[in-house]
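Below: one structure, written as structure tokens.
The values are calculated or read from the model by the stated rules, or taken from the named source; none is laboratory data. Keep in mind that this is a model prediction, so the values were computed, not measured. Keep in mind that these areas ignore ligands, DNA and RNA; they rest on the heavy atoms of the full protein, side chains included. Shrake-Rupley method; radii C 1.70, N 1.55, O 1.52, S 1.80 Å.
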Amino acid sequence: MNEPLVQHHWVALAAPKVAPAVATSTVLILGRMWNANGAEHSTGNAALMVVLAAGAATAGAFAAAGWGGGDGVLAATAFATSGGLALAGVAGYADGLSLPLLLWVLATTVAYGIAARYWRTDRRATVAYDRQTTVRREEHAHTERVEALRAGAQIEVAREGAAYATALAQALIHREALPGFDPAALTRAGLPELPAIDIAKEH
């Protein structure tokens, strides 16, 4: 059984590796843009981001505790959203870059830590699938070899049987031409009989 081989482009392979850094960098950039547009030292905007971040963290806690079926992906998404909102709020409220950059490094590290867990799970699943595919391919190849050997043996037996029948028929024809031929003597000797041929069926 031939299975299609899929070769991914290097961009598709590299995208998951840079996605956490791109996401946190985008949040930091948007937060600083928000800061430049009047969010600096704005208590109302900061309170809004705190409420949103707390809501996302609460949703992640419920998801991790079993609400919604205990979906780990949903919980990780909620916590990542909460962290992103917190980073955006600090980046928008703070007047300098030191604290936003520190939080960006922290958020990026946490994001890569969470992503690494899912990368390991995906890698284990890929290795298990490749192993199963290899075993299945070897089983199919073994089955094909066995069937080929069996078919070859059957063909060889049929060929030898046909050759023996032809030789026996020729021997009987030559024996019939000799004087004193006795078919009953052949039967008593235990020689195999040729199968009877129905002329009507043949024609």
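Below, the figures for the structure above:
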item	result
Debye log10 I(q)/I(0) for region 89-176, one point scatterer per Cα, at q = 0.19, 0.25 Å⁻¹	-0.94, -1.10
Principal semi-axes in Å for region 125-182 [√(5λ), Cα gyration tensor, largest first]	55, 5, 4
Computed Kirkwood radius, in angstrom, where 1/r is averaged over Cα pairs of region 108-155	13.7
Apportionment of accessible area to carbon and sulfur, region 92-159, percent (1.4 Å)	64
Per-residue ³J(HN,Hα) for region 152-163, Karplus 6.51 cos²θ - 1.76 cosθ + 1.60, θ = phi - 60°, Hz, x for Gly and Pro	x, 5, 5, 5, 5, 4, 5, 5, 5, x, 5, 5
